[in-house]
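> So that we are looking at the same thing, I have put the structure below in structure tokens.
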Amino acid sequence: MLSRITRISELLELNGALFIADIGAALLAETPVYAPLVLEHPDAHLFSFDGDPRQIAALKARYGSKATVLEHYVGDGEAHTAYVCEETSGMTSLFKPSPRALSFFNGFDDFGRVLRTERVQTARLDSIAAIERIDFLKMDIQGSELSVLQHGTQTLRECLAIQLEVSFVGLYEEQPTFGDIDQWMRAHGYLPHSFVDVKRWSISPVVRNNNFRIPFNQLLEADAVYIKDPLALERYSDVQLKRQVLFADLFFDSPDLAVYCLRELTARSVLGTNALQHYFALLNEPKVNTAG
């Protein structure tokens with residue numbers, strides 16, 4: 001039986017390359033939403049960035065020839081100080097950890113302990129010639145997300161969806177927070193679509209059930225998904241609509257967004273009305289993760 005990825009691609013008559021980028025791609029915890037597509041779809045390719053050399057070998061082993069793995073800190077193209085923390089903490093950053101913010105949360109004094117500093121050269125996303133375009137972008141880079149966006153507008157001009165970590169309480173000094181990111185995204189033609197994950201954390205020193213990782217109510221951060229403005233579908237090309245259907249279904253579990261874009265494709269006579277019928281039939285079948 002054909003996989004869901006193959007069947008949706010055939011339903012959409014989707015041909016041509018799909019370019020995914022992950023900036024801060026270290027394999028530390030969750031499986032990225034794009035992994036099954038990259039590993040299975042013959043025309044999908046991943047640009048995988050991580051400035052921490054400790055993460056590179058695992059990324060190359062995971063994706064093989066399906067990825068271009070780049071050991072870059074991405075940002076404004078200038079030299080910066082990197083604050084290197086323990087490898088598995090995920091807190092190495094181009095921003096200095098804030099002692100006041102770290103001590104506010106249980107456990108973060110340890111997570112954010114700086115092992116060493118080093119001077120690093122960042123690369124502007126718009127200056128990386130290897131990237132033809134980006135259709136979907138994921139970022140988790142401990143405060144540098146806004147800098148990447150500001151210096152990647154040309155590379156991202158066709159990007160349909162961006163999943164990035166946003167902070168409600170900045171753990172680093174001068175770190176842009178959720179409001180800063182949201183303002184930039186809206187000003188550049190994106191609307192918030194969903195929170196993939198909202199992380200709360202317990203405030204020091206009170207601990208719940210003897211486990212400081214079990215939160216009460218304080219918001220810490222979230223993975224937010226923004227999509228190219230769905231209220232302006234006239235700005236989408238036909239192929240962009242098809243790609244957005246694919247991402248809505250496979251990445252975001254958003255069949256309503258998928259149908260919204262499919263209806264536009266049928267209104268343009270790009271796809272026949274049977275495409276909607278086939279998609280509704282596919283919705284009744286269970287999804288299977290083929291990432292391996």
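Quick note: the coordinates plus some simple rules give every number you see, no bench work behind them. The model shown is predicted, which means the values in this text are computed figures rather than measured ones. Because the Cβ atoms are built from the backbone with ideal geometry, glycine has one as well, and the counts that use them run over all protein chains shown.
> Antiparallel as a % of all DSSP beta bridges within the chain, to the nearest 5? Walk me through the numbers before you get to the answer.
Working: 27 of 48 bridges.
Among the beta bridges of the chain, antiparallel pairing accounts for roughly 55 percent.
> In square nanometres and to one decimal, what's the mean projected area of the convex hull around the Cα atoms of the stretch 167-218?
On the way: hull surface 19.2 nm².
Projected over every direction and averaged, the Cα hull of the stretch 167-218 covers 4.8 nm².
> Just how many % of Cα pairs in the stretch 1-96 lie over 16 Å apart, if you round to the nearest whole percent? Provide the component values of the computation, followed by the final result.
On the way: 2763 of 4560 pairs.
So the portion of pairs separated by more than 16 Å is 61 percent.
> Arrange Cys261, Cys85 by Cβ neighbour counts within 10 Å, fewest through most, would you? Kindly include the intermediate steps, with their values, before the conclusion.
Numbers: Cys261 24, Cys85 21.
Exposure proxy ranking, most exposed first: Cys85, Cys261.
> Here's something else I'd like to know. Below 8 Å between Cα atoms, with a sequence gap of 6+, how large is the relative contact order for the chain in percent?
Working: 524 pairs, mean separation 50.4, N = 292.
It comes to 17 percent, rounded to a whole number.
> Further question on the same structure: What is the local net charge at Glu10, summed over the other residues whose Cβ is closer than 12 Å to its Cβ (Lys, Arg +1; Asp, Glu -1)? Walk me through the numbers on the way to the answer.
Working: positive: Arg4, Arg7, Lys242; negative: Glu13.
Once all neighbours under 12 Å are counted, the net charge is +2.
> Against the globular-protein guess of 2.2 N^0.38 Å, express the Cα radius of gyration of the chain as a ratio, rounded to two decimals.
Numbers: Rg = 19.9 Å, N = 292, 2.2 N^0.38 = 19.0 Å.
Cα Rg divided by the expected 2.2 N^0.38 Å: 1.05.
> What fraction of the DSSP beta bridges in the stretch 75-170 is antiparallel, stated in percent and rounded to the nearest 5?
Details: 8 of 13 bridges.
Counting only bridges with both partners in the stretch 75-170, antiparallel ones make up about 60 percent.
> At a Cα cut-off below 20 Å, give the lysines reachable from Lys228, other chains included and same-chain residues fewer than 8 away excluded.
Reachable lysines: Lys138, Lys242.
> A further question follows. Using only the Cα atoms of the stretch 140-233, construct the convex hull and provide its projected area averaged over every direction, in square nanometres to one decimal.
On the way: hull surface 27.9 nm².
Mean projected area of the Cα convex hull: 7.0 nm².
> Related question: What list do you get for Tyr34, Tyr172 if you sort them by fewest beta carbons within 10 Å? List each step's numbers first, then the result.
Working: Tyr34 24, Tyr172 21.
Fewest to most other Cβ atoms nearby, the residues stand as Tyr172, Tyr34.
> Around Arg100, with a cut-off of 14 angstrom between Cβ atoms, what is the net charge of the other residues, counting Lys and Arg +1 and Asp and Glu -1? Each step should come with its number before you reach the end.
Values: positive: Lys96; negative: Asp109, Glu173, Glu174.
Overall, the nearby charge balance is -2.
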